[in-house]
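To start, the structure itself, in structure tokens.
The values are calculated or read from the model by the stated rules, or taken from the named source; none is laboratory data. Everything quoted here is computed from the prediction, not taken from an experiment. A quick note on method: Cβ atoms are made from the backbone with ideal geometry, for glycine too, and the neighbour counts reach across all protein chains shown. Protein only, heavy atoms only, side chains kept; ligands, DNA and RNA dropped before computing areas. Shrake-Rupley method; radii C 1.70, N 1.55, O 1.52, S 1.80 Å.
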Amino acid sequence: MILIKLGGSVITNKGKPLSPRRKSIDKIVRTLKKINEPIVIVHGGGSYGHYWSIKYDMHAKPAKYSTHGVSVVKNSMIELNKIILDSFLKNKLNPYCLPPTDFISGNKPITKKIKMIEKIARSGFIPVTYGDALWYGQKKSFILSGDRIMSVLATILKPRLSIFVINVDGLYSNIKTKKLIRELKGRKPLISKSSKDVTGGMNRKVDEAIKISKKDMNVFFVNGNKPERIIDAINRKKFHGTLFRG
Ligand code: IP8
């Protein structure tokens with residue numbers, strides 16, 4: 001099984017509120033058609049979820065955030081999710097929408113439900129879930145990042161490969177020269193902070209990727225604007241991106 005996260009910066013224009021990148025979405029989805037094994041999709045919030053989370057000052061840490069804010073963020077994620085699902089359908093793929101509340105309670109994974117996701121994927125559907133605003137308990141809520149969902153799902157489902165589809169070629173050791181880190185084992189490189197991201201941007205992504213690779217699974221960061229690289233990695237042809245070796 002392959003676990004794939006479609007990053008918010010690939011599926012939306014992060015510089016402009018509520019703007020999907022429909023062409024990029026369609027191009028990636030068309031490429032996914034070439035995969036001949038079960039896949040599970042997670043997508044991020046981009047200029048939908050993050051835009052509203054910032055407006056309502058909501059973060060990954062459980063706290064008493066605006067209840068209206070939670071509703072608005074959730075609504076915007078459904079809107080973005082619908083765009084993704086529509087693209088799958090248009091391309092004759094069979095998505096199976098699973099909001100994260102289906103398999104996460106508070107901030108705890110529901111193992112039985114997550115194991116069911118695998119069965120759903122093996123029966124011909126493509127489970128699609130996403131980062132979201134979640135009720136934590138009592139009056140608290142939090143923003144659950146799609147990156148965190150990736151490590152939660154990977155821990156239980158043990159995919160052959162976890163792929164983070166991002167808007168650049170991979171991790172750079174030097175942002176100015178764009179020198180690509182082709183392979184990483186264990187140690188975390190220094191990453192500059194991104195301001196527009198309530199869930200921690202690239203830093204969080206790398207943390208979750210390292211978490212997965214430390215459990216003996218390969219993780220791959222790849223440029224979503226070059227989706228054929230996703231297929232090359234899945235076919236073990238070549239890894240043009242950053243590979244976190246498990
Ligand atoms: O873009 C966050 O998911 P991420 C989703 O994967 C929201 O961090 C609601 C901001």
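Which pairs do you get when a residue that is of a type in the set (S, T, N, Q), found in the stretch 99-115, comes within reach of a residue that is open to solvent by 60 Å² or more (accessible area, probe 1.4 Å) and assigned to a strand (DSSP E or B), reach meaning Cβ atoms under 7 angstrom, with the pair 6+ apart or on two chains?
Listed by first residue and then by second, the contacts come to ASN107/TYR136.
List the residue pairs whose Cβ atoms are under 7 Å apart, where the first residue sits in the stretch 213-226 and is closer than 15 Å to GLU183 by Cα, the second is crowded, with 17+ Cβ neighbours inside 10 Å and hydroxyl-bearing (Ser, Thr, Tyr), and the two are 6 or more positions apart or on different chains.
MET217/SER162; VAL219/SER162; VAL219/SER213; PHE221/THR242
Can you tell me which condition ALA209 does not meet? The list is (1) out of contact with any Gly (no Cβ under 9 Å at 6 or more places or on another chain); (2) within 16 Å of the ligand (Cβ to nearest atom); (3) at pLDDT below 90, and all the others hold.
Only one criterion in (1) out of contact with any Gly (no Cβ under 9 Å at 6 or more places or on another chain); (2) within 16 Å of the ligand (Cβ to nearest atom); (3) at pLDDT below 90 is unmet by ALA209, namely (3).
Would you mind finding the one in LYS33, LYS27 that is in contact with a Leu (Cβ under 7 Å, 6 or more places away or on another chain) and over 23 Å from GLU208 (Cβ atoms)?
It is LYS33.
Can you tell which of LYS27, LYS55 is basic (Lys, Arg) and closer than 22 Å to GLU228 by Cβ?
Testing whether each residue is basic (Lys, Arg) and closer than 22 Å to GLU228 by Cβ leaves just LYS27.
Within the set of pairs 6 or more residues apart or between chains, which connect a residue that is more than 12 Å from GLY8 (Cβ to Cβ) and in a strand (DSSP E or B) inside the stretch 182-207 to a residue that is at pLDDT 75 or above and open to solvent by less than 30 Å² (accessible area, probe 1.4 Å) with Cβ atoms less than 6 Å apart?
GLU183/LEU243; LEU184/PHE244
Give the residues of the stretch 157-168 that are open to solvent by 40 Å² or more (accessible area, probe 1.4 Å) and more than 16 Å from the ligand (Cβ to nearest atom), sorted by residue number.
Answer for the stretch 157-168, where residues must be open to solvent by 40 Å² or more (accessible area, probe 1.4 Å) and more than 16 Å from the ligand (Cβ to nearest atom): LYS158, ARG160.
Using the structure shown, decide if LYS188 is at positive phi and surrounded by fewer than 20 Cβ atoms within 10 Å (Cβ to Cβ).
In short, no.
Quickly run through the stretch 1-23 and pick out the residues that are open to solvent by less than 20 Å² (accessible area, probe 1.4 Å), more than 26 Å from MET217 (Cα to Cα) and either under 17 Å from the mean Cα position of the chain (by Cα) or among the β-branched types (Val, Ile, Thr) (or both).
Matches in the stretch 1-23: THR12 only.
Which one is surrounded by the fewest Cβ atoms within 10 Å (Cβ to Cβ) among residues in the stretch 28-53 that are within 16 Å of the ligand (Cβ to nearest atom) and among the aliphatic types (A, V, I, L, M)?
By that ranking, first place goes to ILE28.
Could you tell me which numbered condition ASP57 fails, if it satisfies all but one of (1) closer than 19 Å to LYS5 by Cα; (2) in a loop (DSSP other than H, G, I, E, B); (3) more than 16 Å from the chain's Cα centre (by Cα); (4) within 16 Å of the ligand (Cβ to nearest atom)?
(1)
Can you pull out the residues in the stretch 116-151 that are away from the ligand (no atom under 12 Å from the Cβ), within 19 Å of the chain's Cα centre (by Cα) and within 22 Å of SER53 (Cα to Cα)?
Residue satisfying the conditions is VAL128 alone.
Can you name every residue in the stretch 47-106 that is at negative phi and either modelled with pLDDT under 95 or charged (D, E, K, R) (or both)?
LYS55, LYS61, LYS64, LYS74, GLU79, LYS82, ASP86, LYS90, ASP102
Hey, could you check the stretch 212-246 for residues that are among the small types (Gly, Ala, Ser) and over 12 Å from VAL165 (Cβ atoms) and say which is modelled with the highest pLDDT?
SER213
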